[in-house]
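The structure under discussion appears below in the form of structure tokens.
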Amino acid sequence: MSQDLVRKISWRITPVLMLMYFMCIIDRVNLGYASLTMNKELGLTAAQYGFAAGLLYLTYILCEVPSNILLHRTSPRIWFTRIMITWGLCSAATGLIQNETHLYAARLLLGAAEAGLFPGVLYYLTRWLPREERVSVVAMFMMAAPIAFVVGAPVSGYLIDHAAVFGYSGWRAMLIIEGLVPVALGLMLPFILTNTPDEAKWLTATEKSVIRNALADEEKSAIASDHGFLKALADGKVWALGFVFFGINVTFSILFWFLPQMVAGFKSALGGNLTTGQVGMISASPFATAALAMLAYGFWLKGKPTTVAHVSGPIAVAALGTVIPALSASPYVIMLGLCLAAAGAFCAMVSFWQLPPMIFKGRTAASGIAMVAAIGVSSNAVIPWINGYIKDMTGSLNGAMMFNGGVIVLALVTAIVISLKLTRHNRTTFAEGTSVGSTARS
């Protein structure tokens, strides 16, 4: 495909996908900023808060694969609309909770409503661009996550300090306001998103033919045949990739759910109290670093055959950055480590999500991608509770950081083992490392 055609497609679909993911991340993790005042108001312990944060991923995991299958069978445009409206309403409803039981229920509903957006977008992109050209678009899409923190952290902090909705406290007003925004965007989505290249009025007949041919060539080189969903679940490579993604997500456990609390603890070292808005501003720095790193890394990978080795390097950086804060009491060293952790984890996401399409093709791509995502995000269902429990027992997050670093190292080892095993014949691409892949190309 020509670069002019790739740019034409990217400029049409990427901004919409980024905006969707931007709002998704804000509504998923704004609980971390609400916790600065919510925990005291509701009388939550760190373990209860961590448990509530992780509950979202229980229903998220259960609903993710069915959601992606329904997206494949229906219309991405309509299904994404359903996802956005329902998650926005559930997020806004969290601002009305009165106790920990209400919080648990709200998080479960939010996870079910939000499930399918992330793997759905990844599957949606496989309908538009081949892998080598898709990597930079995926990087731009995923860059919405750190941008959401760069923008959302200070905005959430400001709303908590200054907003009021019908007399509700700041954290409630913040959740309500930020929940209603994606509802409005969801109502506009059917008019601004195109399902497939064949439906795109802004593409010529020749351009549509070029896209079809490029995607057909990619399917021929996939590792796995177009077999049933249950057989795909029995593939060890899927579970190995899922564990690598599990480790990447462990990095986000501290960044998403406990970073504001860590920054609020800097007040003694910095010689004064920090407002919620200031906590939000400081908390944004790791994600600003990650956004710049993702942009550079994504464009560096563009046009290169993606290998598991591309994932291993960023995971190593994430592991190092996760452990550093546990070894120092200096706010500056802690933030340096968190910046490294964020940059490593988000860069690993860029290259990692080029791998599942090398395994699945055709009708199994939607369910296969969703299965790998479900395995990976399951870490968010348990790790926040473990981190909160460790904090309750020890009085700090240092032990949790060391534990998280150990899990990430195991994911790094898994990625290296996958690379060595699946690229024994040719170490340049993931697909070229299996006899099945070789057969598909012969």
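The values are calculated or read from the model by the stated rules, or taken from the named source; none is laboratory data. These numbers were taken from a predicted model, which means no experiment stands behind them. Quick reminder, even Gly has a Cβ in these numbers, built from the backbone with ideal geometry, and neighbours come from all protein chains shown. We work out accessible area using only protein heavy atoms, side chains counted, and drop any ligands, DNA or RNA first. Shrake-Rupley method; radii C 1.70, N 1.55, O 1.52, S 1.80 Å.
Tell me, which helices (runs of 4 or more DSSP H) lie completely within segment 42-121 with 1 or more residues that are closer than 29 Å to residue 353 by Cα, free of Cβ contacts under 8 Å to residues at least 40 places away in the same chain and in contact with a Cys (Cβ under 6 Å, 6 or more places away or on another chain)? Quick ask: steps written out before the conclusion?
Numbers: elements: 46-73, 76-93, 100-114.
Where helices (runs of 4 or more DSSP H) fall fully within segment 42-121 and carry at least 1 residues being closer than 29 Å to residue 353 by Cα, free of Cβ contacts under 8 Å to residues at least 40 places away in the same chain and in contact with a Cys (Cβ under 6 Å, 6 or more places away or on another chain), they are 100-114.
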Exercise for the section: For residues that are open to solvent by less than 50 Å² (accessible area, probe 1.4 Å) and more than 24 Å from residue 17 (Cα to Cα), scanning just segment 144-159, find the one that is nearest to the chain's Cα centre (by Cα). Expected result: 157
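Taking residue 292 as the residue in question, decide whether it is within 25 Å of residue 118 (Cβ to Cβ), open to solvent by less than 10 Å² (accessible area, probe 1.4 Å) and modelled with pLDDT of 70 or more. First the steps, then the outcome.
Details: within 25 Å of residue 118 (Cβ to Cβ): yes; open to solvent by less than 10 Å² (accessible area, probe 1.4 Å): no; modelled with pLDDT of 70 or more: yes.
When the stated conditions are applied, residue 292 does not pass them.
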Practice task
Report, by residue number, each residue of segment 160-193 that is over 23 Å from the mean Cα position of the chain (by Cα), part of a helix (DSSP H, G or I) and not acidic (Asp, Glu).
Solution key: 160, 162, 170, 171, 172, 173, 187, 188, 190, 191
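Looking for whichever is surrounded by fewer than 24 Cβ atoms within 10 Å (Cβ to Cβ), out of contact with any strand residue (DSSP E or B) (no Cβ under 9 Å at 6 or more places or on another chain) and aliphatic (A, V, I, L, M) here; the options are 42, 129, 110. Which one fits? Even if it seems obvious, please write down each step before you answer.
Details: 129 fails: surrounded by fewer than 24 Cβ atoms within 10 Å (Cβ to Cβ); 110 fails: surrounded by fewer than 24 Cβ atoms within 10 Å (Cβ to Cβ).
None of the other options fit; the residue is 42.
Considering only segment 140-161, I want to know if a residue exists there that is in contact with a helix residue (DSSP H, G or I) (Cβ under 6 Å, 6 or more places away or on another chain), over 29 Å from residue 297 (Cβ atoms) and free of Cβ contacts under 8 Å to residues at least 24 places away in the same chain. Spell out how you get there, then give the answer.
To start, the set of residues in segment 140-161 that are in contact with a helix residue (DSSP H, G or I) (Cβ under 6 Å, 6 or more places away or on another chain) comprises 140-150, 152-154, 156-161.
Among the residues that remain, those that are also over 29 Å from residue 297 (Cβ atoms) are: 158-161.
If we keep only those that are free of Cβ contacts under 8 Å to residues at least 24 places away in the same chain too, we end up with 159.
Yes.
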Problem - Residue match in segment 52-74 (condition: among the acidic types (Asp, Glu) and surrounded by fewer than 21 Cβ atoms within 10 Å (Cβ to Cβ)) - result: no
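Step by step: first the residues of segment 269-289, then only those that are aliphatic (A, V, I, L, M) and assigned to a helix (DSSP H, G or I), then the one that is modelled with the highest pLDDT. Which residue is that? Even if it seems obvious, please write down each step before you answer.
Going residue by residue through segment 269-289, those that are aliphatic (A, V, I, L, M) are 269-270, 274, 279, 281-282, 284, 288.
Next, from what is left, pick out any that are assigned to a helix (DSSP H, G or I): 269-270, 279, 281-282, 288.
Numbers: 269: 63, 270: 63, 279: 78, 281: 78, 282: 83, 288: 87.
So, considering only residues that are aliphatic (A, V, I, L, M) and assigned to a helix (DSSP H, G or I), the one modelled with the highest pLDDT is 288.
Restrict the check to segment 55-71 and report whether at least one residue is over 20 Å from the mean Cα position of the chain (by Cα), at pLDDT below 90 and of a type in the set (S, T, N, Q). Steps first, please.
At the first step, the residues of segment 55-71 found to be over 20 Å from the mean Cα position of the chain (by Cα) are 70.
When the remaining residues are screened for being at pLDDT below 90, the result is 70.
With the extra rule that they be of a type in the set (S, T, N, Q), the set shrinks to none.
No, segment 55-71 has no match at all.
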Practice task
Mind counting the residues in segment 84-127 that are of a type in the set (Asp, Glu) and over 16 Å from the mean Cα position of the chain (by Cα)?
Solution key: 1
Fill in the blank from the handout: Within segment 410-442, restricting to residues that are closer than 21 Å to residue 321 by Cβ and open to solvent by 70 Å² or more (accessible area, probe 1.4 Å), the one that is modelled with the lowest pLDDT is 416
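Confirm whether residue 124 is of a type in the set (Phe, Trp, Tyr), assigned to a helix (DSSP H, G or I) and open to solvent by less than 10 Å² (accessible area, probe 1.4 Å).
Numbers: of a type in the set (Phe, Trp, Tyr): yes; assigned to a helix (DSSP H, G or I): yes; open to solvent by less than 10 Å² (accessible area, probe 1.4 Å): yes.
Against the criterion (of a type in the set (Phe, Trp, Tyr), assigned to a helix (DSSP H, G or I) and open to solvent by less than 10 Å² (accessible area, probe 1.4 Å)), residue 124 qualifies.
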Exercise for the section: Scan segment 194-243 residue by residue and report those that are modelled with pLDDT of 70 or more, aromatic (Phe, Trp, Tyr) and assigned to a helix (DSSP H, G or I). Expected result: 239, 243
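When you go through 52, 47 one by one, which is the residue that is at pLDDT 85 or above, out of contact with any strand residue (DSSP E or B) (no Cβ under 9 Å at 6 or more places or on another chain) and among the small types (Gly, Ala, Ser)?
On the way: 47 fails: at pLDDT 85 or above.
Among 52, 47, only 52 is at pLDDT 85 or above, out of contact with any strand residue (DSSP E or B) (no Cβ under 9 Å at 6 or more places or on another chain) and among the small types (Gly, Ala, Ser).
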Fill in the blank from the handout: Selection from segment 319-336 of residues among the hydroxyl-bearing types (Ser, Thr, Tyr), in a helix (DSSP H, G or I) and either farther than 24 Å from residue 410 by Cβ or open to solvent by 20 Å² or more (accessible area, probe 1.4 Å) (or both) yields 332
Problem - Near pairs, Cβ below 7 angstrom, 6+ apart or cross-chain, from segment 406-421 (closer than 14 Å to residue 309 by Cα and in a helix (DSSP H, G or I)) to any residue that is open to solvent by less than 20 Å² (accessible area, probe 1.4 Å) and at pLDDT below 85 - result: 415/308; 415/311; 418/308; 419/307; 419/308
Problem - Test for residue 316: is it surrounded by fewer than 20 Cβ atoms within 10 Å (Cβ to Cβ), at pLDDT 85 or above, closer than 27 Å to residue 417 by Cα and hydrophobic (A, V, I, L, M, F, W, C) - result: yes
